[in-house]
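Here the structure is laid out as structure tokens; the discussion comes afterwards.
None of the figures in this text is laboratory data; all of them are computed from the coordinates on show. Bear in mind the structure is a predicted one, so any value in this text is a computation, not a measurement. All Cβ positions, even for glycine, are placed from backbone atoms using ideal geometry, and neighbour counts span all protein chains on display.
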Amino acid sequence: MKEIKKFVNDRNAALFSLDRARIEAFFEKYNLEKPANDTVFWAVVYKCICSITSAPPDIAAQASAWLLEHGMTPDIS
């Protein structure tokens, strides 16, 4: 249980920072595949943010707006 909480805290800190280097470091730390394509990278980040119910409203709104501007939806489906 402690490990899940640590992962969630690390994930949220990385994603909500919107700092690419910090997000990439999170991917590396947890051995997650990082999208090579820039648009796909940010789509993954923003879709993840939109799915986190505790995301700060301003960051969630920014994520949703970016996705819509790029012809995508905030939903993960």
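Could you give me the residue pairs with C-beta distances under 7 Å whose first residue belongs to the stretch 65-77 and is under 10 Å from residue 47 (Cα atoms), whose second residue is in a loop (DSSP other than H, G, I, E, B) wherever it lies, and which are 6+ apart or on separate chains?
Sorted first by the residue in the stretch 65-77, then by its partner, the pairs are 67/73; 67/74.
Quick check on residue 7: is it in contact with a Pro (Cβ under 7 Å, 6 or more places away or on another chain), part of a helix (DSSP H, G or I) and surrounded by 11 or more Cβ atoms within 10 Å (Cβ to Cβ)? Steps first, please.
Numbers: in contact with a Pro (Cβ under 7 Å, 6 or more places away or on another chain): no; part of a helix (DSSP H, G or I): yes; surrounded by 11 or more Cβ atoms within 10 Å (Cβ to Cβ): yes.
In short, no.
Which of the following residues is assigned to a helix (DSSP H, G or I) and surrounded by fewer than 14 Cβ atoms within 10 Å (Cβ to Cβ): 43, 14, 25?
Values: 43 fails: surrounded by fewer than 14 Cβ atoms within 10 Å (Cβ to Cβ); 14 fails: surrounded by fewer than 14 Cβ atoms within 10 Å (Cβ to Cβ).
After ruling out the rest, the residue left standing is 25.
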